[in-house]
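Before any comments, here is the structure.
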Amino acid sequence: MATGHFFDEMTQPDGLPRKVYERVNRWLASAPPELLASRRSQAELMFRRIGITFNVYGDKDASERLIPFDIIPRVLGRSEWARLEAGLIQRVKVLNMFLADIYGAGEVIKAGIIPADIVYRNPHFRPEMAGVRVPHDIYVHISGIDIVRVDDHDFYVLEDNARTPSGVSYMLENREVMMRLVPELFAEHRVAPVENYPDALLAKLKSVAPRSAGGEPVTVLLTPGQFNSAYYEHSFLADKLGVELVEGSDLLVRDNVVYMRTTQGPQRVDVIYRRIDDDFLDPLAFRPDSALGVPGLMSAYLAGNVTLANAVGTGIADDKAVYTYMPEIIKFYLGEEPLLKNVPTWRCREPAALKYVLDHLPELVVKEVNGSGGYGMLVGPHATKAEIASFAEKLVHDPAGFIAQPTLSLSTCPASFDTGIGGRHVDLRPFVLSGADGVRVIPGGLTRVALKEGSLVVNSSQGGGTKDTWVIDDETGAA
Amino acid sequence: MLSRTADNLYWLSRYMERADFLARIIEATQRLATLPTAYGGTGTEWESTLNAAGALEGYKEHMSEVTEADAIYYLGFDARNPSSIRNCIELARTNARAVRTALTIEMWQAINTAWLELKRYEISLGKPGPIDRIELSRFLEFVKKTSLDFDGSAHRTMLRNDAHWFSRLGLYMERADTTARILDVKYHVLLPETEAVGGTIDYFQWTAILRAVSALTAYHWVYRGSVKPWLVADLLILRPEMPRSLRSCYDNIVRLLDNISRAYGRQGPAQRHAHAMLARFENSSIKDVFGTGLHEFLTEFVESNDQLGSAVSEQYLIH
Amino acid sequence: MRIKIRHETRFAFDPSGKSIIQTLRMTPRNHEGQRIVSWRMDVNIDCILRPAEDSFGNVLHTFSAEGPVSGFTITAEGEVETFDMSGIVRGGIERFPNDIYLRETDQTIADKGLRAFALKAAEGNEGTLDTLHRLMTAVHEGIAIDPDASATDIVPAADILAARTGSAANVGQVFAAASRYLGIPTRIIEGYYLAGPFTIAGGHSWAEAFVEGLGWIGFDAAHDLCPQENHVRAAVGLDRLGTAPVRVAPFGGLAKVQISLNPRLTQSQSQSQS
């Protein structure tokens, strides 16, 4: 099952399983194909059942739109996880320090670590937040850091998601389904639990409540509404958190205090876990045409009467241009070496880098720094000559608008199909929570898998699926 | 709870109940319309039904004449009719989806399954033209069963708190409204002038009404006699033991509003209005009703019930 | 020069609103070119008016009132002493590095037309200051001021340029977009302009650009001049959305429409029958 030059999570180049996968490997080897097939269809059934809610939103024929789930877990040993966890904590701490700094004194810019224009000319830098203090200097309460690995040692950060990262509901549902699906595998492992995520999240949210909040801060989850593609996750989380799922029209601001409209009249709200982008939060402060937001919310926020999680303006921290400076930024704030690596990146704004990129376009992935959704993206190895030529023109025209990265050899992990078991490329999005009492990582996360053979694209819109992610005690794997 | 949540729950129940009413009234009308003239067929049954369903004006905007096929299409599937059965189920689901977490799984499944099933019927019945009668009767059964499913799952699985009360409140408000409307159909299907009230023709018509609200057996149990108009009206208006009578609906409405006001420690115009209406039922006899004129009584009731709806909205749902 | 200003903004709603909330930026502050002698804000209904300072240093009032609200008038009134600084603005509140004023916002997108316009205006220039003057004249000559267009409607620069016409208050954004495209930090100012001895044009807007060695200089392309004594600055920002004297949101309250059956049981049927 070893797949040539790619690092496989389960199988070593010598054909033997890696230690953490020994039991999974044995289980796979002993399980007759019919058993795996029946588990696969069982899984599908379970997701469809819970999934009546998963998939129907926003699409009339959505019964087909379940995100495929693979029944072979992604396994990480306790010790590799510990390394990853330390790196995530370091990274997220710095994201918060960076935000507090650029919206405050701007030391990192004055020290020449990052060019001023990358911050101030960036549309994700929100001038509205300058000089604003947020509770405990926490800006990124919830983040999902996209991680890939290319060997058994290093973890690379592909992207820091510091705005409104999604996917955590899959992490929780995948575990639920797996526990029912393969109890025999669970019996052989000690798998770190993830189901306390909602409790941990709620505790973090309450820890950053404004001072003026009462003894038991009222928390709500703000959704753009049922037509948003992540609405299922919003309602799922609100349910698990035991908080109201509100839309903008459920909230009102009176004298710089936020209230929700209840059957018993207005009730004060202290903490808003918002899943609405900055642009739509408040038509009086941002896009005036937003019908999703709450007029006056920013005034209440700036007056310190409500906490928004994540804070406004965190988009600057996960910006692609800022990303390239993260290693230096980490050193600047902590005086430590970064524990997680950045994917090597060429900043096309630098003439030498631009020259290299132009010379090597067919092997590189070029991304637009402020782009999203892969619009302004070139995947060199998959592009035609004409595409490369026209992209080169764009690059020359606006070099500062682009970065380039090598095509990564993402690790593979076995996945189960009707045709048998095959290695498929995976990434990992662990979820990291920050609050008054520090940073916490939930052991596990969302493993996304490119189900098409050879594909490196894990996005669900392009044939990607998910896996349950296990962090297991090393001993059980070794036994 | 959030006003919007209460609003969604309340309307969700109303739409489900309305879909049920429309299915029943279509069935009853089909029955009436098949009666030969000698037995009461007047040829105006569908117009009466459209009228009772509050849909006549809208119908006339889109259709040139009243035919059975067009009327059934309009009441059942026409997207242009805001309260067609199709739209009711869709609206119910839209409301349900918005409060997914306030529903039990059973309630959600009842609605969502119905919504998915509806698509199948839209293919077979969802266009104007000749009707497949077998398919239609399957469809009407399906609608009634859906409402039963939803009702039953709400009753069996929902926590007894304000969410439940608002949900049930919607159901009884709509049920009261539609019961009055069903009775009013009968009023509109006028008797030939020569026919004495209580004659053979009348018998078939009133029986159809009773059958439509599944109350024929109940009638015999309560009155132990043949079907008489004032007794049918008595059963569906004043009898507290008849589950869909106006009186029974208001017993429930008052109880639910009182539950809410006790839990919230405050009462308002909705409670006062509902108490006044219940008192009226308690103090009226069927003679009083017919003295006012049945149609006049029902007209006034529907309006007053509608005012209660506004009061509930103002007080709890959209403030 | 002493300028007396009275700025009234009226709102009328039909049907009346359940509640209203707005943000107001209409309070000028001191700098070397202007001194506030007196200033007050008033709204003629029961309301809450909370002052704060936004991140650019503008005075920001959040105004909220519970309904029913059928209408009201906001009055900003006072006296300001102005001094001729030849357009140069000094001693004001500066919170951001100049880089932020190079940012392209939704209001100041330099589309193809705007880029061509900017490059043409700057052709043959002799330095930044000269470029700015050429640009001001180009905007002034290239865009017809529509006296009927509302000063409070905010229109993106590219749209104004494409239409070649707009309100006096909106041409400033064209200037800013072009000047930023040319790499000159530029910002939008909202304030008052004394057009004649007795005329205050309420809600005027112009631009300020940064020239190395001189600092911030005002450019009022609508009138083809640099502000001297006739302009009173009330707010500064990246574009007019950030400086608007009044930001309005739709009414609060839930606007969900649920459908009841028509509560009128008509008699049409029985009448046609009898």
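The values are calculated or read from the model by the stated rules, or taken from the named source; none is laboratory data. Computed from a prediction, not measured in an experiment: that's the story for all the values here. Neighbour counts are summed over all protein chains in view; Cβ atoms, including those assigned to glycine, are modelled from backbone coordinates with ideal geometry.
So is A:LEU395 surrounded by 18 or more Cβ atoms within 10 Å (Cβ to Cβ) and in contact with a helix residue (DSSP H, G or I) (Cβ under 6 Å, 6 or more places away or on another chain) or not? Give the steps one after another, and end with the answer.
On the way: surrounded by 18 or more Cβ atoms within 10 Å (Cβ to Cβ): yes; in contact with a helix residue (DSSP H, G or I) (Cβ under 6 Å, 6 or more places away or on another chain): no.
No, not satisfied.
So for region C:127-149 (the condition being within 14 Å of chain A (Cβ to nearest Cβ), over 21 Å from the mean Cα position of the chain (by Cα) and either surrounded by fewer than 18 Cβ atoms within 10 Å (Cβ to Cβ) or at negative phi (or both)), does at least one residue qualify?
Step one: filter region C:127-149 for residues within 14 Å of chain A (Cβ to nearest Cβ), giving none.
The answer is no; no qualifying residue exists.
May I ask you to list the residues in region A:104-132 that are more than 23 Å from the chain's Cα centre (by Cα) and under 25 Å from A:ARG287 (Cβ atoms)?
Step one: filter region A:104-132 for residues more than 23 Å from the chain's Cα centre (by Cα), giving A:104-117, A:120-121, A:127-132.
Correct list: A:ASP117, A:TYR120, A:ARG121, A:PRO127, A:GLU128, A:MET129, A:ALA130, A:GLY131, A:VAL132.
Restrict the check to region C:255-270 and report whether at least one residue is within 14 Å of chain A (Cβ to nearest Cβ), at pLDDT below 95, buried (at least 23 other Cβ atoms within 10 Å of the Cβ) and more than 16 Å from the chain's Cα centre (by Cα).
no
Criterion first (within 28 Å of A:ASN228 (Cα to Cα), away from every other protein chain (no Cβ under 12 Å) and outside any helix (DSSP H, G or I)) does B:ARG80 satisfy it? It would help to see each step written out before you state the result.
Working: within 28 Å of A:ASN228 (Cα to Cα): yes; away from every other protein chain (no Cβ under 12 Å): yes; outside any helix (DSSP H, G or I): yes.
Yes.
Somewhere in region C:96-103, is a residue under 20 Å from C:GLY215 (Cβ atoms) and of a type in the set (Val, Ile, Thr)?
So the first thing to find is which residues in region C:96-103 are under 20 Å from C:GLY215 (Cβ atoms), and the list is C:96-103.
Add one more test, that the residue is of a type in the set (Val, Ile, Thr), and what stays is C:100.
Yes, there is a match, as at least one residue in region C:96-103 is under 20 Å from C:GLY215 (Cβ atoms) and of a type in the set (Val, Ile, Thr).
What are the residues in region A:197-232 that are farther than 21 Å from A:VAL294 by Cβ and at pLDDT 95 or above, if any?
Answer for region A:197-232, where residues must be farther than 21 Å from A:VAL294 by Cβ and at pLDDT 95 or above: A:TYR197, A:PRO198, A:ASP199, A:ALA200, A:LEU201, A:LEU202, A:ALA203, A:LYS204, A:SER207.
Given C:ALA162, C:ALA176, C:ALA121, which one is surrounded by fewer than 16 Cβ atoms within 10 Å (Cβ to Cβ) and among the aliphatic types (A, V, I, L, M)?
Details: C:ALA176 fails: surrounded by fewer than 16 Cβ atoms within 10 Å (Cβ to Cβ); C:ALA121 fails: surrounded by fewer than 16 Cβ atoms within 10 Å (Cβ to Cβ).
Unique residue meeting the criteria: C:ALA162.
Which one is nearest to the other protein chains (Cβ to nearest Cβ) among residues in region A:91-109 that are touching a Pro at 6+ places or on another chain (Cβ under 8 Å) and crowded, with 19+ Cβ neighbours inside 10 Å? Please lay out each step first, then the result.
First, pick out the residues of region A:91-109 that are touching a Pro at 6+ places or on another chain (Cβ under 8 Å): A:91, A:106, A:109.
Checking which are crowded, with 19+ Cβ neighbours inside 10 Å leaves us with A:91, A:109.
Numbers: A:ARG91: 26, A:ILE109: 8 Å.
Restricting to residues being touching a Pro at 6+ places or on another chain (Cβ under 8 Å) and crowded, with 19+ Cβ neighbours inside 10 Å, the top hit is A:ILE109.
Kindly evaluate B:ALA114 against the criterion of being crowded, with 19+ Cβ neighbours inside 10 Å, within 18 Å of B:TYR10 (Cα to Cα) and either within 14 Å of another protein chain (Cβ to nearest Cβ) or over 17 Å from the mean Cα position of the chain (by Cα) (or both). Step through it out loud before you land on a result.
Values: crowded, with 19+ Cβ neighbours inside 10 Å: yes; within 18 Å of B:TYR10 (Cα to Cα): no; either within 14 Å of another protein chain (Cβ to nearest Cβ) or over 17 Å from the mean Cα position of the chain (by Cα) (or both): yes.
No: the conditions fail for B:ALA114.
Is it the case, given these coordinates, that B:ALA208 is in contact with a Cys (Cβ under 8 Å, 6 or more places away or on another chain), surrounded by 23 or more Cβ atoms within 10 Å (Cβ to Cβ), at pLDDT 75 or above and hydrophobic (A, V, I, L, M, F, W, C)? Don't jump to the end; show me each part of the working.
Values: in contact with a Cys (Cβ under 8 Å, 6 or more places away or on another chain): no; surrounded by 23 or more Cβ atoms within 10 Å (Cβ to Cβ): yes; at pLDDT 75 or above: yes; hydrophobic (A, V, I, L, M, F, W, C): yes.
Here the answer is no, as B:ALA208 does not meet what is asked.
Give the number of residues within region C:149-168 that are in contact (Cβ under 8 Å) with a residue 24 or more places away in the chain, among the small types (Gly, Ala, Ser) and more than 17 Å from C:ASP220 (Cβ to Cβ).
Going through region C:149-168 one residue at a time, the tally reaches 2.
Please count how many residues of region A:426-479 are hydrophobic (A, V, I, L, M, F, W, C) and over 30 Å from A:VAL208 (Cβ atoms).
Taking region A:426-479 as the starting set, the residues that turn out to be hydrophobic (A, V, I, L, M, F, W, C) are A:426, A:428, A:431-433, A:436, A:439, A:441-442, A:446, A:449-451, A:456-458, A:470-472, A:478-479.
If we keep only those that are over 30 Å from A:VAL208 (Cβ atoms) as well, we get A:426, A:449-451, A:456-458, A:470, A:472, A:478-479.
Count: 11.
When you check B:GLU61 against the structure, is it closer than 22 Å to B:ALA215 by Cα and either away from chain C (no Cβ under 12 Å) or in a helix (DSSP H, G or I) (or both), yes or no? Give the steps one after another, and end with the answer.
Working: closer than 22 Å to B:ALA215 by Cα: no; either away from chain C (no Cβ under 12 Å) or in a helix (DSSP H, G or I) (or both): yes.
The answer is no for B:GLU61.
Is there any pair linking a residue in region A:185-200 that is in contact (Cβ under 8 Å) with a residue 12 or more places away in the chain to one that is surrounded by fewer than 14 Cβ atoms within 10 Å (Cβ to Cβ) and assigned to a helix (DSSP H, G or I), with Cβ under 9 Å and at least six apart or on different chains, and which?
From residues that are in contact (Cβ under 8 Å) with a residue 12 or more places away in the chain, the pairs are A:GLU188/A:ARG26; A:ARG190/A:GLU475.
One line per residue, one yes/no per condition, for (1) under 30 Å from A:ALA43 (Cβ atoms); (2) modelled with pLDDT of 95 or more:
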residue	(1), (2)
A:GLU85	yes, yes
A:ILE113	no, yes
A:ILE118	no, no
A:HIS124	no, no
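Please pick out the residue among B:ALA23, B:ALA71, B:ALA52, B:ALA28 that is on the phi < 0 side of the Ramachandran plot, modelled with pLDDT under 90, in contact with a helix residue (DSSP H, G or I) (Cβ under 9 Å, 6 or more places away or on another chain) and away from chain C (no Cβ under 11 Å).
On the way: B:ALA23 fails: modelled with pLDDT under 90; B:ALA71 fails: modelled with pLDDT under 90; B:ALA52 fails: away from chain C (no Cβ under 11 Å).
Only one candidate passes the filter, namely B:ALA28.
Which numbered condition trips up C:ILE184, out of (1) touching a strand residue (DSSP E or B) at 6+ places or on another chain (Cβ under 6 Å); (2) part of a loop (DSSP other than H, G, I, E, B); (3) modelled with pLDDT under 95; (4) of a type in the set (A, V, I, L, M)?
(3) is the only condition that C:ILE184 fails.
State yes or no: is C:VAL69 modelled with pLDDT under 90 and buried (at least 17 other Cβ atoms within 10 Å of the Cβ)? Can you show your working first?
Values: modelled with pLDDT under 90: yes; buried (at least 17 other Cβ atoms within 10 Å of the Cβ): yes.
Yes.
Please return the ranges of helices (runs of 4 or more DSSP H) entirely within region A:212-330 where 2 or more residues are within 10 Å of another protein chain (Cβ to nearest Cβ) and buried (at least 23 other Cβ atoms within 10 Å of the Cβ).
Working: elements: A:231-241, A:297-302, A:320-323.
The qualifying helices (runs of 4 or more DSSP H) are A:231-241, A:297-302.
Quick one: which of A:SER143, A:SER169 is within 14 Å of another protein chain (Cβ to nearest Cβ), outside any loop (DSSP other than H, G, I, E, B) and not hydrophobic (A, V, I, L, M, F, W, C)? Explain how you work it out, then say what you get.
On the way: A:SER143 fails: within 14 Å of another protein chain (Cβ to nearest Cβ).
Matching residue, one of A:SER143, A:SER169: A:SER169.
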